[in-house]
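The values are calculated or read from the model by the stated rules, or taken from the named source; none is laboratory data. Please read all numbers here as calculations on a predicted model, not as lab measurements. As a convention, Cβ positions derive from the backbone with ideal geometry for all residues, glycine included, and neighbour counts pool all protein chains shown.
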């Protein structure tokens, strides 16, 4: 996973299994079901995510690197805001294709060793399910960035 000095609190590589499984919900958005590629990283995680398909087009079968970070600053430290082109020191956003900022609003530990963490990114929702030990760095009420890269 991520190093102790990093702001990345979760990362894995996912393969897209399905897009808009329950039908199209948004004009410019899509609901994407992602499942971890066990042979790439053995975390056995499942991710469901709403995202803007016009800004970040994906297809079934694509592989996507996904990271959750507490800040976009490299090497640790807090960050209050981000605006493109304003920062003198580029952050983690330079390494990814699609970035959203949101908040963890629910943590469901009802299924034994597996938990689900829910986050909202301006109304675009995420549900990340997997073994508790891989989700232990995610805290209820915490602000997070989700970063995606093909």
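Points worth noting:
- Only one of the numbered conditions (1) at pLDDT below 80; (2) part of a loop (DSSP other than H, G, I, E, B); (3) more than 20 Å from residue 16 (Cα to Cα) is not met by residue 138, and that is (1).
- For the range 107-122, filtering for residues that are over 14 Å from residue 143 (Cα atoms) and either in contact (Cβ under 8 Å) with a residue 60 or more places away in the chain or over 14 Å from the mean Cα position of the chain (by Cα) (or both) leaves 8.
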